[in-house]
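**Student:** I have a structure I would like to understand better, so I am pasting it below and will then ask my questions one at a time.
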Amino acid sequence: MACAVYVSNEAGGEVVVLRLEQGRLEVEQRVEIGGVVMPLALSPDGRFLYAARRSDPLAVLSFAVEPGRGRLRLIGIAPLPESMPYIACDRSGRFLLAASYGGNQVSVSAIAPEGVAEAAQQVLPTPPKAHAIRADRANRFVWASSLGGDCLLRWRFDAAGGALDAGSQQVLAMRPGSGPRHFVWDASGRHLYVLGELDGSLAVHDCSDDGLAERQVVSTLPPGFDAKPWAADLHLAPDGRHLVASERRSGTLALFAVDPADGSLAPRGSFDTEANPRGFAFDPTGRWLIAAGQDSGALRLFAFEGETLESRQTLALGGGPNWVETLALD
């Protein structure tokens, strides 16, 4: 299966489109953004890609994705209320969610039927350093992390009008000093994994309408690591049975097996990757993992086989690659 890989280059001010086929990455297109670009988000149907520009003028750029090839065509630009380190579509693809670390806020923007994200229609304040925002699998709630507040926030979501119910906000305390950053649900949606940027922890929570109950805490740090942790990204493999987290100071990826019954994690190893692996992603088949080294300026392609990650290719991109999205082309 051929796959498109989208990588944002912070210093290069571009989104790089690559093709992954037969275990090799090749550059297909470079798209100028006109400033510092970081978070990317694909629409649920894979027809559109959104990129957040974090330098002035702050904006979200909307791109149409060419079927079968994955190349990008700019179709719209709209202002963002703050510099956003994380963006995501809701489950319907009709709204774009964004979280601002420096602005201590989250926002919701409508996405027009032709795929263009519009200016924010709602902005809500958060505790310090909002870092990630995602809709749950049922599109009933929207969650956000607050790194400075050591908490997660949850709102009821009006999926018809695209509004967070401010009066329903819940503040769910995380481990003190952990600095919650990114989070993902398991395949069932009953367990939530929260990555602690500041202590390298990975917490497993039972998730229900009532809130969260901590089940387990594991470390993403490699053996013998004695520096200050700086965890970054977190993704569930497409098979639903494995979870990977990246740690920037050690330049490693931590692999865990997921218990399908209770969501608990079992460590399966720590693997060296590029310097400062700020972002990574599995391809849609789960056969490959692509990690971006923000400090090395390169991508590392891993084969994922038998609960191990095997390095297969290093590709220099330049410009501080930091975010990765993938899309099946066949």
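**Student:** Please tell me if Asn276 is in contact (Cβ under 8 Å) with a residue 60 or more places away in the chain and not aromatic (Phe, Trp, Tyr). Don't jump to the end; show me each part of the working.
**Tutor:** Working: in contact (Cβ under 8 Å) with a residue 60 or more places away in the chain: no; not aromatic (Phe, Trp, Tyr): yes.
Here the answer is no, as Asn276 does not meet what is asked.
**Student:** For the stretch 307-321, does any single residue satisfy the condition of being acidic (Asp, Glu), open to solvent by 50 Å² or more (accessible area, probe 1.4 Å) and within 17 Å of Ala11 (Cβ to Cβ)?
**Tutor:** no
**Student:** For a quick check of your reading: which strands (runs of 3 or more DSSP E) sit entirely within the stretch 246-321 and have at least 2 residues that are within 20 Å of the chain's Cα centre (by Cα) and β-branched (Val, Ile, Thr)? Steps first, please.
**Tutor:** Numbers: elements: 252-258, 265-272, 279-282, 288-293, 298-305, 308-316.
The strands (runs of 3 or more DSSP E) meeting that bar are 252-258.
**Student:** For the stretch 7-50, which fully contained strands (runs of 3 or more DSSP E) count at least 2 residues that are farther than 19 Å from Val116 by Cβ and either open to solvent by less than 70 Å² (accessible area, probe 1.4 Å) or in contact with a Leu (Cβ under 6 Å, 6 or more places away or on another chain) (or both)? If you could, list the steps in order and put the result at the bottom.
**Tutor:** Numbers: elements: 14-21, 24-32, 37-42.
Passing ranges, in order: 14-21, 24-32.
**Student:** Here is a check on your reading of the model: is Ser145 at pLDDT 95 or above, under 19 Å from the mean Cα position of the chain (by Cα), of a type in the set (Ser, Thr, Tyr) and within 20 Å of Val106 (Cβ to Cβ)?
**Tutor:** Yes: the conditions hold for Ser145.
**Student:** Being in contact with an Asp or Glu (Cβ under 6 Å, 6 or more places away or on another chain) and hydrophobic (A, V, I, L, M, F, W, C) is the filter here; which residues of the stretch 98-139 pass it?
**Tutor:** Ala110, Ala135
**Student:** List every residue pair whose Cβ atoms sit under 6 Å apart, with the two residues 6 or more apart in sequence or on different chains, where the first one lies in the stretch 313-328 and is aromatic (Phe, Trp, Tyr) and the second, anywhere, is assigned to a strand (DSSP E or B).
**Tutor:** Trp323/Ser8; Trp323/Met38; Trp323/Pro39; Trp323/Leu40; Trp323/Gly279
**Student:** Would you mind stating whether Ser62 is at pLDDT 95 or above, among the polar types (S, T, N, Q), more than 17 Å from the chain's Cα centre (by Cα) and in a strand (DSSP E or B)? Break it down stepwise before answering.
**Tutor:** Values: at pLDDT 95 or above: yes; among the polar types (S, T, N, Q): yes; more than 17 Å from the chain's Cα centre (by Cα): yes; in a strand (DSSP E or B): yes.
Yes: the conditions hold for Ser62.
**Student:** Next up: Kindly indicate whether any position in the stretch 51-62 is open to solvent by 50 Å² or more (accessible area, probe 1.4 Å), within 27 Å of Arg30 (Cα to Cα) and either among the hydrophobic types (A, V, I, L, M, F, W, C) or touching a residue at least 24 places away in the same chain (Cβ under 8 Å) (or both).
**Tutor:** yes
**Student:** Might you let me know whether the stretch 235-244 holds any residue that is more than 30 Å from Trp155 (Cα to Cα), open to solvent by 10 Å² or more (accessible area, probe 1.4 Å), in contact with a Leu (Cβ under 8 Å, 6 or more places away or on another chain) and at pLDDT 95 or above?
**Tutor:** So far as the stretch 235-244 goes, no, none of its residues is more than 30 Å from Trp155 (Cα to Cα), open to solvent by 10 Å² or more (accessible area, probe 1.4 Å), in contact with a Leu (Cβ under 8 Å, 6 or more places away or on another chain) and at pLDDT 95 or above.
**Student:** So which residues in the stretch 208-220 are on the phi < 0 side of the Ramachandran plot and either of a type in the set (Asp, Glu) or surrounded by fewer than 22 Cβ atoms within 10 Å (Cβ to Cβ) (or both)?
**Tutor:** Answer for the stretch 208-220, where residues must be on the phi < 0 side of the Ramachandran plot and either of a type in the set (Asp, Glu) or surrounded by fewer than 22 Cβ atoms within 10 Å (Cβ to Cβ) (or both): Ser208, Asp209, Asp210, Leu212, Ala213, Glu214, Arg215, Gln216, Val217, Val218, Ser219.
The values are calculated or read from the model by the stated rules, or taken from the named source; none is laboratory data. Computed from a predicted model, the values in this text were never measured in an experiment. Cβ: placed from backbone, ideal geometry, glycine included. Neighbour counts: every protein chain shown. The accessibility values were calculated without ligands, DNA or RNA, using every heavy atom of the protein model including side chains. Shrake-Rupley method; radii C 1.70, N 1.55, O 1.52, S 1.80 Å.
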